[in-house]
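Contents: one structure, followed by commentary.
Every read-out reported here was derived from the displayed coordinates using simple, explicitly stated rules and does not represent laboratory data. In this text the structure is predicted, and so the values were computed from the model without any measurement. Please note: Cβ atoms are built from the backbone with ideal geometry, for glycine as well, and neighbour counts cover all protein chains shown.
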Amino acid sequence: MASIRIQDLVKRFENGVEAVQGVTLEVADGEFVVLVGPSGCGKSTTLRMVAGLEEASAGDIFIGGKRVNDVEPGKRDIAMVFQNYALYPHMTVRQNMSFGLKMRHVSKAEIQQRVNDAAAILSIESLLERRPRELSGGQRQRVAVGRAIVRKPAAYLFDEPLSNLDAKLRLQMRKELAQIHQQLKTTTLYVTHDQVEAMTLGQRIVVMNEGIIQQVATPMKLYQEPANRFVATFIGSPAMNILPGKILENGQQFQTRNSRTTYPIRMPANQAGPASPALLGFRPEHLTLDASHPQIGAIEVDLVERLGDASLVYFKLEDQNCTARLPGNAACQQGERLSLHLPKDKWHLFSAQSPHEVVSRGCSAGK
């Protein structure tokens, strides 16, 4: 096993577009780190540069302490699992899993042992003599993972490996990948656009947007203390509600954009004072029905989605579309007026001038 370190990594294409802009990141030996972000944010390009499939325009890549910028992909001691499985259709599962080892002139006995061990870990012993066309999508993905496991590399790289699977299979494979990492404890860098996948798999998560790292933190740290507006609205489902407005000169009140409502806020001492304009954010799941303490006030329900364990209630607040995630049996219906409460420590205050800036994380506010 080995650590992965990238320093000031840049990828600039011929048309001048910088897909990756000065990314610096370290994945510790044995750590599972997930790169997550919207399409085009640079996460897959970053992974491909680590693998050697894309040439870095600037910056350095280290695997196990060794600079590998000029090292061929096959000699970087990494194994990569792709989105499309990349299995040889004319080979059996056993042949697909052992092909890379044969190219490295590993002995037949060791190849057989490694393939059998990997097949046991993935519960695909009964599939070893089948060909890819005879397998389901989930089975093909297990084979692709098995082909990586037999290599016993210093690190694993995963490029959206579950995106072609249906929801049930994705859930099952997430569980299996987590168990495999617990068993093998191999350094892993994993790319996905699915925040649920990122939150459930990653020991740490790297949120990217427009080629820039927005925040690196544990899953709960990202959720509870988003570094900026982008992270706040990207992490969490449904997304965080955002009200535009400004902080008044006394630094103790937030006024909504249409000036109808003012919310008292308590800024940290080192951040007190005016910082207009600003955005006030709160998560749908932190709202509750409470007529006696209607901190948000009365709202009119536009739509209710019943999900069984929860009800998503859509409404407008200060002309902004908002969502509340209430219990599944919540007594509410379209057109009804409800009083919503939000705990005073569940507000977040962000800069309205840049999605990369934060004014205050988890500031407290209330009426």
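In terms of modelled amide H atoms, which long-range or inter-chain residues lie less than 5 Å from the amide H of VAL81?
Those lying under 5 Å, H to H, from VAL81 are LEU157, PHE158, ASP159.
Give the separation of the Cα centroids, segment 186-234 to segment 24-76, in Å.
Spelled out, the Cα-based centre of one part sits 17 Å from the other.
Which one, GLN214, GLY42, ALA109, projects farthest toward the positive side of the charge dipole computed for the chain from Cβ point charges (K/R +1, D/E -1)?
Positive-most Cα among the choices belongs to ALA109.
In the chain, with Lys and Arg counted as +1 and Asp and Glu as -1 at Cβ, which of these residues, GLN353, ASN329, PHE82, has the Cα nearest the positive end of the dipole, that is, farthest along it?
Positive-end residue among those listed: PHE82.
Sticking with the crude label model, points 7 Å out along Cα→Cβ, report the distance from GLN253 to LYS316 in nm, one decimal please.
Distance between the two pseudo-spin positions: 2.5 nm.
Could you tell me which label, among (i) 24.4, 76; (ii) 25.3, 85; (iii) 21.8, 70, carries the value of Rg and Dmax of the Cα atoms in Å calculated for this structure?
(i)
In segment 1-73, which GluC sites (Glu not before Pro) fall in coil by DSSP and have 12 or fewer other Cβ atoms within 10 Å?
GLU14, GLU55
I need the calculated FRET efficiency for the pair GLN182 and VAL71, taking r as the beta carbon distance and R₀ as 25 Å, to the nearest 0.05.
Efficiency, rounded to the nearest 0.05: 0.25.
Taking the beta-carbon count within 10 Å as an exposure proxy, list ILE6, ILE149 from fewest neighbours to most.
Least to most surrounded, the residues fall as ILE6, ILE149.
Just order 188-196, 41-49, 62-70 by mean Cβ neighbour count inside 10 Å, highest at the front, would you?
The peptides rank, most packed first, as 41-49, 188-196, 62-70.
Going by C-beta contacts inside 10 Å, put SER311, SER57 in order with the fewest on the left.
SER57, SER311
What is the antiparallel percent of DSSP beta bridges lying wholly in the chain, to the nearest 5?
If I count the DSSP bridges inside the chain, around 75 percent turn out antiparallel.
Mind sorting MET240, MET220, MET97 by how few other Cβ atoms lie within 10 Å of their own Cβ, fewest first?
In increasing order of surrounding Cβ atoms, one gets MET220, MET240, MET97.
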